[in-house]
Amino acid sequence: MRRFSAYIFLALFTVFAAQIRAELIWTPGDGWKIEGGALSGLVGSDARNALELMNKARAAEEAGKRRTALRAYKKVTKVYGNSIYSPEAYYRTAHLRLQGRQYYKAFEAFQRIMTLYPNTDRFNEVLGEQYRIAEDLMNGARNYYFGIIPAFRSRERAITYFEWVVANAPYSDYAPLALMNVAKTHQRLDNTPYAIDALDRLINNYAQSLLAPDAYLELAKTHASLVDGPLYDQESTREAITYFEDYMILFSEDEGLAEAQQGLDEMRTVFAESKMILGDYTMKYNKNLRGARVFYNEAITSFPNSAVAARAREKLDIIDAREAELGISSDNDADAARRANTPAPKPKRKKFLGIF
């Protein structure tokens, strides 16, 4: 009994393998035929009817009768979805839709192949077609309903399609390209937080990609675009500084280094200015010299060799003079070190004498 079961399993495996190896070939004289395998996934009248539909559809396609061909291919996918003809019918349908600039339906047909037949030999080809559809829509291509009525441009749809490309093949070369285009399209639509999310996914999931340097620099610039100036919250400023610095460390030979340095200097200036504003306010309105000293020192450490730092050192001199008038002592060694941009001397450790 076990031996008989083994024979049955072997026979079924052989049949399945033959079907997997089978390839559907079209020749103008002979129509569709299966090569390299024994089965179509159908038997009897179903096999004949499916083949007849496929030949009818391809003949209509060759004759330029798109609607007739689309109807025949649709029937194949609906009635004979488990056959070898179905993925080919979806593939031909997608290309016919593209001919009529029906981008939405073309993408959907390609997606049917990716979902229902993920082991297809045309996986990379279909993925590339999906990427190109998304790219066309991103660049302003219009979808045409019924092949004749133009729709509004839909870059939001392009974003959705790029995300499908990433989901279909997260380890392909198309994935980081798609994420970069998602970011660019969101930026074009003023969806900055979503652009940041796409760039963040790119640098975290595809750190070895050739697009990683561009993503780091673009991420820094995107955070910088959210900065409203020294009078406002500095969270975006800090994020921009971090990504500019990371980019310059990780990609020190990249061609965008000068741009990154300029962006970093601008962000550090804004951040230092924010500390100056806090210091001025604390000294003028709160009359808190020690508190103002902290903010001015932070301005210096934020961007030591800048005009802002020079102003902060002048403010510290004023504080020193006022504290001297009031007889208030200050940590002059630490302040002097900051003004000179040199590390402060470490305080000596106190010795405690035990009593025994």
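The values are calculated or read from the model by the stated rules, or taken from the named source; none is laboratory data. Remember, it's a predicted structure, so these values are computed and weren't measured experimentally. For neighbour counting, all protein chains shown are included, and Cβ atoms are generated from backbone atoms with ideal geometry for every residue, glycine included. Surface accessibility is based on the protein's heavy atoms, side chains included, excluding ligands, DNA and RNA. Shrake-Rupley method; radii C 1.70, N 1.55, O 1.52, S 1.80 Å.
Things to note:
- Sorting the segments 61-68, 126-133, 276-283 by their mean number of nearby beta carbons within 10 angstrom, highest to lowest, gives 126-133, 276-283, 61-68.
- The modelled label-to-label distance between Glu323 and Ala207, using points 7 Å beyond Cα along the C-beta direction, is 4.3 nm.
- 32 Å Cα-Cα threshold exceeded, pairs from Lys105/Lys184; Lys78/Lys184; Lys33/Lys78; Lys221/Lys287: Lys78/Lys184; Lys221/Lys287
- For region 31-172, Kirkwood radius (reciprocal of mean inverse C-alpha pair distance, Å): 15.9
- Charge sum, other residues only, whose C-beta stays under 14 Å from Arg112's C-beta, Lys/Arg counted +1 and Asp/Glu -1: +3
- The HN-Hα couplings worked out from phi for region 56-61 by the Karplus form 6.51 cos²θ - 1.76 cosθ + 1.60 (θ = phi - 60°) are 5, 5, 5, 5, 5, 4 Hz, whole numbers, x standing for Gly and Pro.
- Per-selection Kirkwood Rh - region 238-299 (Cα, Å, 1 d.p.): 12.9
- Carbon plus sulfur fraction of accessible area for region 45-138, probe 1.4 Å, in percent: 43
- FRET efficiency, Arg142 to Ile25 (Cβ-Cβ, R0 30 Å, nearest 0.05): 0.25
- For the peptides 148-157, 104-113, 173-182, 262-271, the ranking by mean Cβ contacts within 10 Å, running from highest to lowest, is 173-182, 104-113, 262-271, 148-157.
- Solvent-accessible heavy-atom area per residue, rounded to whole Å², over region 195-301 at 1.4 Å: 52
- Local charge for Val227 was computed over the other residues whose Cβ lies under 12 Å away, with Lys and Arg +1 and Asp and Glu -1, and equals -3.
- If you take all other residues with their beta carbon under 9 Å from the beta carbon of Ala89, and give Lys and Arg +1 and Asp and Glu -1, the sum is +2.
- Based on alpha-carbon atoms, the Kirkwood radius and the radius of gyration of region 289-330 give Rg/Rh equal to 1.02.
- As a fraction of the 1.4 Å probe accessible area of region 139-271, surface on carbon and sulfur atoms comes out at 52 percent.
- Along region 318-323 the Karplus relation, 6.51 cos²θ - 1.76 cosθ + 1.60 evaluated at θ = phi - 60°, assigns HN-Hα couplings of 4, 5, 4, 5, 5, 5 Hz to successive residues, with x for each Gly and Pro.
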